[in-house]
Every structure is written in structure tokens, then in C-alpha cells.
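Just below is one structure, and these are the notes that go with it.
Please treat every number below as a calculation from the coordinates, not as lab data. In this text the structure is predicted, and so the values were computed from the model without any measurement. Methodologically, a virtual Cβ is constructed for each residue, glycine included, from the backbone with ideal geometry; neighbour enumeration extends over all protein chains shown.
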Amino acid sequence: MAMAGESSGKKIGDCDGKVAGNRQRKVGLIYDETMCKHDTPDGEDHPECPDRIRVIWEKLQLAGVSQRCVVLGSSKAEDKHLQLVHRKDHVNLVKSISTKQKDYRRNRIASQLNSIYLNGGSSEAAYLAAGSVVKLAEKVAEGELDCGFAIVRPPGHHAEADEAMGFCLFNNVAVAASFLLNERPDLGVKKILIVDWDVHHGNGTQKMFWKDPRVLFFSVHRHEYGGFYPAGDDGDYNMVGEGPGEGFNINVPWDQGRCGDADYLAAWDHILIPVAREFNPDVIFLSAGFDAAINDPLGGCCVTPYGYSVMLKKLMEFAQGKIVLALEGGYNLDSIAKSSLACVQVLLEDKQIQGPPEAYPFESTWRAIQAVRKRLCTYWPSLADELSWKLINQKTPTPIILISSSDSETEDDAQGLLDQMSKLSIENPQGTLLENHQVEPASTSWRADLAKVDVWYASFGSNMWKPRFLCYIQGGQVDGLKKVCVGSMDKSPPKETVWETFPHRLFFGRESSVGWGVGGVAFTNPLANLIDQTHMCLYRITLEQFNDVLSQENGLNVDSDSPVFDLAALQLVDNKGSILEAPLNSWYGNVVCLGKERDIPILTMTCTLSAVEKFKSGEIPIRPPAKAYANTLIRGLVEGGRLSKEEAEAYIDKAVSKPL
Ligand code: Q9C
Ligand code: ZN
């Protein structure tokens, strides 16, 4: 078999970025041209092509990096090792592929599998891919190598116990992990972390260790509610393992493509790394697919080589750096070569490469991360804290437009609020609220602080009708409302009421509400646009009262130990754009700043941007309001002197009938 030839790790003089006196890490590489023989039977193009591993190998050589590694030849997996995770029938099936004389027999087998091609070289490649990862893992576990990268194909993570799929024949990483745990107890490897950053869910690996607490499986992948390959629920964040393995399976499902360094690193910082610290693995395997890389034709994500290098670097802090990378997917030859190089440079502890300018995670990324943390925090206490508003909103790309019908705008509005707040911190010498609102002591002292700040609460729905809004302040039950409101702790009425129009779209959605019964409730698009105009009634209330309104709108108690929307949140609205999604997961869990009126911020509460998308796609239904509910809006507009009855009816009709 053609081998790349063994050479010992050469020492390259003063490796930058390393503490003098540190020995050069011994980094293993496995590459074998034989694995290129697995190819499509008729030479058709296929993304999982032999050149994938060739270009990686060439890149490492050209960069002078392979020369600094310990290059090992491949070796074939033993059947008994494959059978640690695969059914015997499956092993035999893969073995039999090479003995078939004719392509049509292989094509028949392949045609019954999901996303698999087979040729005369497939068996050998599959055996070499799995065997190479076993060999590398063994040497790392023994301490003969510090870490390494197996540049193998076919990939493995989709392969299940009895099923080849998704370009995968044997589950290379699972075989090797199981080998260490079951065949080499003498090496003392008791806990293994498998990280799968391939853009697809590692369904095979997940299933093989589903009930096994010795293996913590972490996969981050495009999921899109089960629509992305391999489709279904397996990659959902609710899939946490079972029996003794419960809590040892972690899925971070992206709702969309386009995820990049910031999104992946957020998953690292807020899920994987804290869990890895608790789990404290003896060895780490990395299912290193590079199909989340920028320009990948299948992945649609945009992780850069820099992003991969940072993710890997963060993992090197665990298991004394004993980490085994195995190639999985990755279909842009240039991207996978560059990403692989960046990773090997990290293994060698070279100086950190340069990255692109800072970017921020998507809002949907934070949603996924919060869902995972919530689902898994009973198993991993380090996930228990709520992520702060400050963190989540340092970034949300927020094109908020300040337009109002008033003429009081705007340059020094920021200064106004800052002045107001600095006054406040003089009065409140603890003043820690702005710095870190996660560490507030549980107390009701927040009320006193927030009572000193005024905001305009802008209502576009039933709250435009003043008696209805007053229920949220004074308590009680207005006509048509099906429940009694507790009101705010501070029952003083609004200091002022004014009307304005804002360039936002009013619409009605959902099936029914607890408060008003059947029919859609009012929302406004958090984003402004140039066409729509929404009438809003602004009530000047304190930030304390605003919190009580927000809580009641979202079905929370008003006697909470901490505010939902605190001073830090208010500052964010002012400083960093104007959409702040509360960690509430409810209909009105989004606070939008519409601008200022006499230096006081105008806040409204509506649905999230992602909910708007779901309304548009029909995933959440658009619905006209029930008659009684529409009438409260109309009454508000009429009694407020804003519109005539006819105008108000036409206005509501238009919001109902115009497509989103
Ligand atoms: N409509 C790996 O990256 N796509 N496998 C099939 C069928 C299969 C990817 C699409 C993607 C498999 C290892
Ligand atoms: Zn993949």
C-alpha cells in the first residue's frame, strides 16, 4: 500500500508564539493515497471526491508544516474493532464491496442507501479511514504523540451501526473512541469528548454513544427544524441521550445557514467550553468536517480558517491537549486545505493566525444557545445562568430608524439619557447595575432605582384605549378582557399621553389570546420601513412601571426579584441600536426603541424579528382580530382624538388585509 513514509518530528528552531524551553509538540499526521481510490463508479463528479484529501496533504507540504509533524502510514481497521460500534452484517457488507466483480452489483447496493456511491476501491478506503483514526488515537492515548490529524476519506460521522449514509461507510471516530474505551483500558482513557463541527449533524456518532456516559458527544450543525441533511429530529437540542448517557449528548442546531466564526465561537464560549471544563475529558476526538467553511458548496456557512483555529485552540486546553482530528466533510477544495492548515498550525502551537474583523452572532444563534443551555443545565450546572441582555445585544445587527411625527430630534438625545443615568448612579452609590446586571442581589431594590427614570411606552394595540392600558397600572378588568390585571406596584397614572405615528407595519397574528379570546392580536414589525404608518399612543411612565407592563403582557408575575428590562437594557437600546429581545420567549418579548420624545426614550413591545419571519412564511398564522378586540383599538384611536370612527375602522381593515 502506498504510504506517505514515516519521518520523525523534526524540530524547527525558535517556533514563534511558544514559551522558550517548551518542547515541540509531537503532532501526528496520517495520509494515504490509497484512500483516493474510493470514487464514483463512472467518474461522475461528486463533492466527496478524492482530491479532497490530496489538496489538504499538498497544502500541508507546501506550507512546510507536514515536515514538522510525525507522518504515519495508514492501517486497516480490524473487523473486531469495527464491530465495537457496527453490526457484523454492516462490516461484512462494506467488506464485500471490493469482491464484487461488477459495478452494477455495487450500484445496486449503493442505490439502496442514502447518499452513498461505491466502487472497487471503497472497501479498502473505508477500512483505512477507520483504521487510521484508530492508530492515531492509540498513539495519542499512549503519549507517543501529543495530538494529530487523520486526513481520511470516506468520512464517518453519518454511518450508523447498520447503515452507510451521507458519504460515510464506517464511523471512523466512533470506532476509534470505542477502541480506546473497550480495547485499551490499560491506557486509562475513561472519558472521551467528541466534538463534531461538520456542518451536518453527526447522527451516527450520536446513536452509537446514546446511552454511554463515557462519551460526551457535542455536535453543532445546520438543522433548520429538521429540514437540513440528515433530515429529522435527531439533531434537535432536545436529544440529550438516554439512561446513563442522559445529558451526555449535546446538539446545537442552527436554524439557518450563514453562520460564521462569531456564531460558532458563541456556541463554544457559552456551551461547549464550560461543559468540557466540567466533564474533564481524558482524550478529545474532533469530527473535523470543513463544510461549515466559507464558500463550501453544501454547507452555506462561513467559518474562516481563523475561526477553526480559535475553536481548536480552545479545545486544546482540555485533556492535556490530547486531541485527535479526523476529517469528515468539506467540499470546497481551497477552503478545506486552508482550514486544515490552520488547524495543524494550532496543533503545532504556532503563532495564532490573523482573523477577519469582529462580527456578531445572529439572533437565531443566541436563541439556539439559550435553548441548549436551558435543556442541559440540570446536567451541567455551568449552563444554568441566564445570558445577559448585554451580551446578546452587544451586536444584534439593528437597523433601527428614528422617525417620529414630532419634531424633537435627536443628536444630543444620547447625552440626555446619559445625564439622567449618571445622576442616578450618584444617587445609587452601589451603581453596579450598569456594569453587570447578572450579579444583582435578589431584592426589590431595583424598583426604587427604576422608578427614577421615565420612558414613553408606545402602544399600538388595545393599550391605545386608555382604560385598557390603565388596567396594567392600576389593576382591574376592562370590557372585553377575559382576565383581571394586577397592575403595577406603582399605581400612579401616566404623567402624560401623546400620540404619534411611526413608520412601522401593524399586523394581526396568532389564533387567539388568553386575554381577548379567539382572533389575532396586534404586533408591529420591529423594523421600520418607508411605506407603513402605525398610530401609537405614548404614555409617560416610569421604567419600573414599564417593567410591570412588560411582565403582564408576557404573562409573568410583577413581583420578580429582578427587572426584565433594567437600566443596562435601557442603555443598550440607547447606545447600540434599538431592538432588545428579552430572554422571555413570549409574544411580546421584544423591546423596540422608536426614538426619543423630549430626551425620553420611546419604547414599545412587540414580537421578535424571527417571529416576523414566521408570520411571513405562514409558520405562525396571520389572523384578523376578533370584533371586540378590534373595537378596543378603534375606541382608543377615536377617544384619543387621533382618528374618526370611519378612519379608525379603515385603518384597522388595512392592517388586517394588506399582505405582510
Ligand atoms: N438531497 C458529510 O458531510 N446530501 N456528509 C444529500 C440529498 C448528503 C454530507 C442531499 C450530504 C452528506 C460527511
Ligand atoms: Zn458534512
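Could you give each residue of region 601-607 its phi-based ³J(HN,Hα) in whole Hz, using Karplus coefficients 6.51, -1.76, 1.60 with θ = phi - 60°, and x for Gly or Pro?
x, 9, 10, 10, 10, 8, 7
Using amide H atoms built in the peptide plane, which far-off residues or other-chain residues are under 5 Å from MET165 H to H?
Here ALA159, GLU160 satisfy the definition.
Taking the chain as the reference, fit the longest principal axis to its C-alpha atoms, fit the long axis of helix 333-347 to the helix C-alpha atoms, and give the angle between the two in degrees, 0 to 90, nearest 10.
Its long axis makes an angle of about 80 degrees.
Quick query: amide H of LEU29 versus all other amide H atoms, modeled in the peptide plane; which residues come in under 5 Å with a sequence gap of 5 or more or a different chain?
VAL70, VAL71, LEU72, PHE149
Provide the gained length on full extension for the span HIS46 to ASP236, in nm with one decimal, where the gain is 0.36 nm per separating residue minus the Cα-Cα distance.
Taking HIS46 through ASP236 to full extension adds about 65.6 nm, to one decimal.
What per residue convex hull volume, in Å³, comes out for the chain when only alpha-carbon positions are used?
It is 180 Å³ per residue.
Using a basic spin-label model with each label point 7 Å from the Cα along Cα→Cβ, how many nm lie between THR378 and GLU78?
The answer from the label model is 4.2 nm.
Would you please calculate the Kirkwood hydrodynamic radius of region 96-232 over all C-alpha pairs and express it in Å, rounded to one decimal?
Values: mean 1/r = 0.0629 Å⁻¹.
Taking the inverse mean of 1/r over all distinct Cα pairs, region 96-232 comes out at 15.9 Å.
Using the Cβ atoms and a cut-off under 14 Å, what net charge is assigned to the surroundings of ASN238, where Lys and Arg are +1 and Asp and Glu are -1?
Overall, the nearby charge balance is -2.
For region 568-574, just list the computed ³J(HN,Hα) in residue order, Karplus coefficients 6.51, -1.76 and 1.60, θ = phi - 60°, integers in Hz, with x standing in for Gly and Pro.
My calculation for region 568-574 gives 5, 5, 4, 5, 5, 4, 7 Hz in order.
Find out how many positive minus negative residues lie around ASP282, taking Lys and Arg as positive, Asp and Glu as negative, among other residues whose Cβ is under 9 Å from that of ASP282. All intermediate terms of the calculation are to be shown ahead of the outcome.
Numbers: positive: LYS190, LYS191, LYS322; negative: none.
Taking every Cβ under 9 Å from that of ASP282, the sum is +3.
Taking R0 as 22 Å, what FRET efficiency do you get between GLU33 and GLN352 from their Cβ-Cβ distance, rounded to the nearest 0.05?
According to the calculation, E is roughly 0.10.
Taking a cut-off of 19 Å between Cα atoms, list the lysines near LYS37, but don't count ones fewer than 8 places away on the same chain.
Hits, sequence-local ones excluded: LYS76, LYS95, LYS100, LYS102.
Would you please give the FRET efficiency between GLU58 and SER586, computed as 1/(1 + (r/R0)^6) with r the Cβ-Cβ distance and R0 = 41 Å, to the nearest 0.05?
Taking R0 as 41 Å, the efficiency between GLU58 and SER586 is 0.15.
Once both labels are modelled 7 Å past Cα along the beta-carbon direction, what's the LEU527-ARG598 spacing in nm?
Distance between the two pseudo-spin positions: 3.4 nm.
Please give the net charge around GLY247, taking every other residue with its beta carbon less than 11 angstrom from that of GLY247, where Lys and Arg add +1 and Asp and Glu add -1.
For residues surrounding GLY247, the net value is -2.
For region 264-277, just list the computed ³J(HN,Hα) in residue order, Karplus coefficients 6.51, -1.76 and 1.60, θ = phi - 60°, integers in Hz, with x standing in for Gly and Pro.
5, 5, 5, 5, 5, 5, 10, 9, 4, 5, x, 5, 4, 4
Against the longest principal axis of the chain, how steep is helix 363-376, in degrees 0 to 90 to the nearest 10, with axes from Cα atoms?
Long axis of 363-376 versus the principal axis of the chain: about 70 degrees.
What are the residues whose amide H is under 5 Å from the amide H of TRP499, where those residues sit 5 or more places off or on another chain and H is modelled from the backbone?
LEU538
Which of the pairs LYS495/LYS658; LYS80/LYS139; LYS207/LYS313 have their Cα atoms more than 30 Å apart in this structure?
Working: LYS495/LYS658 35 Å; LYS80/LYS139 19 Å; LYS207/LYS313 27 Å.
Table pairs above 30 Å Cα-Cα are LYS495/LYS658.
Suppose R0 equals 56 Å. What FRET efficiency, 1/(1 + (r/R0)^6) with r the Cβ-Cβ distance, do ASN107 and LEU391 give to the nearest 0.05? Please list the in-between numbers first.
On the way: r = 52 Å, r/R0 = 0.93.
After rounding, the FRET efficiency stands at 0.60.
Only Lys, Arg, Asp and Glu count, each charged at its Cβ (+1, +1, -1, -1), so figure out the dipole size of region 267-315 about its Cα centre, rounded to 20 debye.
The dipole magnitude comes to about 140 debye.
Answer with one residue from ILE271, GLY188, LEU93: the one whose Cα lies farthest towards the positive end of the charge dipole of the chain, charges on Cβ with Lys, Arg +1 and Asp, Glu -1.
Value computed over the given set: LEU93.
As a check on your grasp of the helix formula, calculate [θ] at 222 nm for the chain: sum -39500 (n - 2.57) over DSSP H runs of n ≥ 4, divide by the residue count, round to the nearest 500.
Numbers: 21 runs with 216 residues, N = 660.
That calculation yields -9500 deg cm²/dmol at 222 nm.
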